[in-house]
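The values are calculated or read from the model by the stated rules, or taken from the named source; none is laboratory data. Every value quoted in this text rests on a predicted model; they were computed, and no experiment measured them. No Cβ is skipped: glycine too gets one built from the backbone with ideal geometry, and neighbour counts run over all protein chains shown.
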Amino acid sequence: MKNLVLLLFCSLSLQLFAQNKENLINNGQFRNSLEGWEILLSNGSPGIKAQILSDEADYKKFGLADNFVGTSFVEIDENSSIRQDVELKSIEPHSLVFAYAPRPNAGDKQLIVKVDGRAVWTTTLGNQDAVGRFQYKAIKLMPEEKSTQISFYVVSLSGKKDQGVFIADVFLNEEPLVDLYMIDKY
């Protein structure tokens, strides 16, 4: 019984902690355009900028579903990528969470997420002519230093190289650690 109560207490504590996490990414929701993000351009391509879907015409222009009105996002393609250097509070596990959506009719694209120059996640998005919808992805990170660099890249496998993948809602949070062996000691 004592272990059950302690387990419930730990579970509740973790839930409360998760609700009050600070986002370590500066401007992860792109509300201030690309402030805080470094923009990497290749071949003298035009600069990228954050978009905010404010009305029906906006979401139709990008091929996104209407339930994303009010969402700020950035489109990265083969000619552009974004990254941010982040100061961590500790060398503990962290969670990187972000939303992504392929631009409809843009061809096949590969989205690559790098941390400190190493690919930590990649997915291939096949060409779609349907309305785009954001999907959320969570990646657990084990930093080795108190600073890290998060990068988003796209490789165009087919289709237009200047159309790519939409990125929104980028969050990086410290994860709580619970030593399950310590629970038995109480």
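Some observations on this one:
- Among the residues listed as Y136, Y100, the single one being modelled with pLDDT of 90 or more, in a strand (DSSP E or B) and surrounded by 18 or more Cβ atoms within 10 Å (Cβ to Cβ): Y100
- Checked against the criterion of being in contact (Cβ under 8 Å) with a residue 60 or more places away in the chain, buried (at least 18 other Cβ atoms within 10 Å of the Cβ) and β-branched (V, I, T), the stretch 158-165 has at least one qualifying residue.
- The stretch 66-89, subset more than 15 Å from F30 (Cβ to Cβ), surrounded by 15 or more Cβ atoms within 10 Å (Cβ to Cβ) and not charged (D, E, K, R), residue modelled with the lowest pLDDT: N79
- Among the residues of the stretch 165-186, those identified as at pLDDT 90 or above and either within 22 Å of R103 (Cβ to Cβ) or not polar (S, T, N, Q) (or both) are V165, F166, I167, A168, D169, V170, F171, L172, E174.
- Checked against (1) over 18 Å from R31 (Cα atoms); (2) under 12 Å from the mean Cα position of the chain (by Cα), D162 passes all but a single condition, namely (2).
- Yes/no for E145 being under 23 Å from L40 (Cβ atoms), outside any strand (DSSP E or B) and out of contact with any helix residue (DSSP H, G or I) (no Cβ under 6 Å at 6 or more places or on another chain): yes
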